[in-house]
Structure formats: C-alpha cells, structure tokens
C-alpha cells in the first residue's frame, strides 16, 4: 500500500450537510419542514462533517503526493479538464466511463440499497448538475450562515465562496477550522 494513490471526492459542505439532513428526515419517514424544527439537527451534522474531514486531511499531510481531491462541482463544470487531471494522477484510462450514463451496477446491490434512508434515485446515475448548489434554495439563511462559519477553512481550502459575509462560529461546538494545509485538488 506504500504506493497507493487516493482520489477523494469533495462536495460543497452546504450541499453535503443538506443531503445528510434529508437522509435523516427520510429515515424518520418525513419530509423537510420549512418551519425549521428539523433544522435543529444542523449543528450536529456540521460536527459529523468535520469529524469525517479532520482525520482525512491530517492523513494527507503524511504523504500529500498520494492524494488528489476532486470537487463534484468541477466534474460538472470542467469535466474534460478534471478527467484529464485524474488520468494524469492515477494513470488510468477513462475509456469505460460515461458521465451521462448510469454506473456499472451489480444485481446484489439493487435489492438492499433502496431500503436505506441514504438511498437516492440519483445513486449510480449520471452526474446530476441540479444537485449542486441546492443549499441556496433549501437551507434557511441562519443555517447557511452557521455552516459557512463552522466550515470556513474547509470552504477556503477547496475554493467554495461564502454566501454570507459574517460567519457564525462555535454553535456546532468547533472552532470553525480544520487542520492542515491546502491539499492538492483539481
């Protein structure tokens, strides 16, 4: 494993946290309630997001040349350039990947995956531009501000622009920063 390379998919934390919120709501057999009661889960989801990324970013400092971060939004906006960078990093060919088509699937997964709350009809499908930036129309301003404040360093690291200029801090229990230098990304 000393020569293994790691490609890490990155998603805008606002969309990721919104997606996690929707997964929890589906698990409760509910729908997103604009009145805000379900949005009380946002601070915990921010902590979950940070707890995932903190050790991963720490690992990149040990061997940064073995990691490549690819933003989902770049796959949508700059597919050819992003794919070329992936090919250069991994040495693999894109001859079998079709971004407009469904992924190769295995029959065994078709039976149990739809039963999980995290299941989405987009799973295994083509890249879906409508999934990027949904936070702009779904998240409440106060939740957007909280996420941006707590995830500011991550957003800066991966080039995500804030929608709010005065970020809230520490409501999710963190200092708003993730450790590490800016990792290599496309």
Subject >> Wholly enclosed helices (runs of 4 or more DSSP H) of region 68-150 bearing at least 1 residues within 15 Å of the chain's Cα centre (by Cα), on the phi < 0 side of the Ramachandran plot and at pLDDT below 90 >> reply: 72-77
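Can you name every residue in region 37-64 that is without any contact (Cβ under 8 Å) to a residue 12 or more places away in the chain and in a helix (DSSP H, G or I)?
37, 40, 51, 52, 55, 59, 62
Select from region 151-186 the residues that are at pLDDT 90 or above and part of a loop (DSSP other than H, G, I, E, B) and write down the one among them that is nearest to residue 7 (Cα to Cα).
If we filter region 151-186 for residues that are at pLDDT 90 or above, which is where we start, we get 151-162.
Next, only the ones that are part of a loop (DSSP other than H, G, I, E, B) stay: 151, 158-162.
Values: 151: 21, 158: 14, 159: 18, 160: 19, 161: 23, 162: 25 Å.
Filtering region 151-186 for residues that are at pLDDT 90 or above and part of a loop (DSSP other than H, G, I, E, B), the one nearest to residue 7 (Cα to Cα) comes out as 158.
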Original post:
What are the residues in region 1-28 that are part of a loop (DSSP other than H, G, I, E, B) and at pLDDT 75 or above, if any?
Top reply: 2, 3, 4, 5, 11, 12
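The values are calculated or read from the model by the stated rules, or taken from the named source; none is laboratory data. Computed from a predicted model, the values in this text were never measured in an experiment. Cβ coordinates were reconstructed from backbone atoms using ideal geometry, including for glycine residues, and neighbour counts include every protein chain displayed.
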